[in-house]
Ligand code: AMP
Ligand code: MG
């Protein structure tokens, strides 16, 4: 089949809805909240809204869908991607899935405020599922309203695209559209509900299947259904593994482990904290999914989480993400066990996570330091010592690594001279005591010696570092400033950040203000350092 190259009318998009065609549907079509048994999804229509307005769209995702600029700027685009008009071929549905939330089995969750529109086939023959987040309630909405507010939608939209350009596997975001309606939210669950502007993000991914998609069937003993979903998943998203069989199930699980490990290494590289790594928020494709109370490390702190809902245990803190991913994979292994019925091969497959993570972590550490290989004999200690130094005084992680590339590679220099290019990374100058300075000076000299012993040229070192250490990330306070403006009807900063974050590793002269460390006012401001699940 020949697919057209560019679409000038949305009606010309081609849909091939394999998921709804091949997997069992909930026979009930009334949109009330319920437990859904024996089905992978429920058909449900997006809620109509009064006065939608497009805030921003991603040109790269538009391109992925073969959409021209004119189409994206049309009134029809706004109507379609807010959920007001269905295109021919769309078959909207919400997924049924479960999950462990904060370590506890939570039963059925499902797409409570996400409605999948269908699978577009682009000019390369790729299938991409379109999903509206915030388009109204579904059978899985439980006690909530199925809506999303502008602030969380700006955050999801910008971060999806920022992550993609950073090279981190992620679901994508096509569009951010205001609904024109108000949504009431109690931002910190403090008994202070307020109306906020509602919005819809159109997310795009090859599949939105989660660990919890399998867990729900295992928990209910619906093993046949789990097998159907797994066979379908292998045939559509993992066709290179071959036709489903016991052996292919194990290969599939090993691949999920590998992809998850690679994703987590990237998170640790760029300083991303997901915030809610529940098993319903883990993609089987190893994509970062569900941008809620996530955050970016400003000062390096392995104990940090932006999620106030997790403040007590800090289960999903930065430094815990690798262990949590492993725990989550263990839950997925438990879920598919009835299809395997042997512990040993599942155990071996899950070791793929540990191995991939270890190798990926080492390669990542080496790249962040501008080394061409990781030598365990020296580099484990070199890295551990650096992380201790970064943690010991408030040090901006992004700035530090970026400026480390500018280090003058001369061990004879004084501590102060060596540190000079790094000074911008420090939040509290008084914390830089003589002892700290001496410690960092020693570390920098060890580092210089390590680089010199490797024989790597300085320009090469810088190139490796600047490709691994972004200059621009979606700093928490920048997203909040863009939100503040957007809430006043000014979308310029959303679009400016979208543009900036297309090239996170480039210097981008004139844009340096966006690479500065967090200003002091943002230290304790809601939305900047503290977020909750309320969105
Ligand atoms: P999260 O932790 O944000 O991934 O959400 C956990 C579950 O709650 C998922 O099943 C979501 O679909 C659902 N959920 C979150 N917010 C809402 C909302 N405003 N309305 C309906 N369901 C929601
Ligand atoms: Mg979720």
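We did not get these values from a lab; they are worked out from the coordinates using the rules stated. These figures come from a predicted structure and were not determined experimentally. Cβ sites come from the backbone with ideal geometry, for glycine too, and all protein chains shown count toward neighbours.
At-a-glance table
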{"read-out": "Rel. contact order, % - alpha carbon contacts under 8 angstrom, at least six apart, segment 104-211", "value": "27 percent"}
{"read-out": "Estimated inter-spin distance, residue 521 and residue 124, nm [label 7 Å along Cα→Cβ]", "value": "4.3 nm"}
{"read-out": "FRET efficiency estimate (nearest 0.05) - Cβ-Cβ, residue 512 to residue 51, R0 56 angstrom", "value": "0.90"}
{"read-out": "Fraction of antiparallel bridges per DSSP, segment 1-372 only, in percent to nearest 5", "value": "95 percent"}
{"read-out": "Cα-based Rg and Dmax for the chain, where Dmax is the largest Cα-Cα distance (Å)", "value": "23.7, 76"}
{"read-out": "Potential lengthening between residue 8 and residue 391 on full extension [0.36 nm per residue; Cα-Cα distance subtracted]", "value": "132.7 nm"}
{"read-out": "Label point at residue 240 placed 7 Å out along Cα→Cβ; residues across segment 168-183 whose backbone nitrogen lies under 19 Å", "value": "168-171"}
{"read-out": "Förster radius 25 Å - calculated FRET efficiency between residue 459 and residue 377 (Cβ-Cβ, nearest 0.05)", "value": "0.45"}
{"read-out": "Spin-label pair residue 496/residue 86, simplified geometry with 7 Å Cα→Cβ offset, distance in nm", "value": "4.2 nm"}
{"read-out": "Cβ crowding within 10 Å averaged over residues, with 326-336, 520-530 ranked highest first", "value": "326-336, 520-530"}
{"read-out": "Pairwise centroid distance, computed over Cα atoms, of segment 478-535 with segment 278-330, Å", "value": "21 Å"}
{"read-out": "Residue 247-residue 22 FRET efficiency (beta carbon distance; Förster radius 30 Å; 0.05 resolution)", "value": "0.85"}
{"read-out": "Ranking of 416, 63 by count of other Cβ atoms within 10 Å, fewest first", "value": "416, 63"}
{"read-out": "Among 356-362, 287-293, the order from most to least packed when residues are scored by Cβ within 10 Å on average", "value": "287-293, 356-362"}
{"read-out": "Percentage relative contact order, the chain, counting C-alpha pairs under 8 Å, at least six apart", "value": "14 percent"}
{"read-out": "Most to least packed among 271-278, 379-386, 427-434 [average Cβ atoms within 10 Å]", "value": "271-278, 379-386, 427-434"}
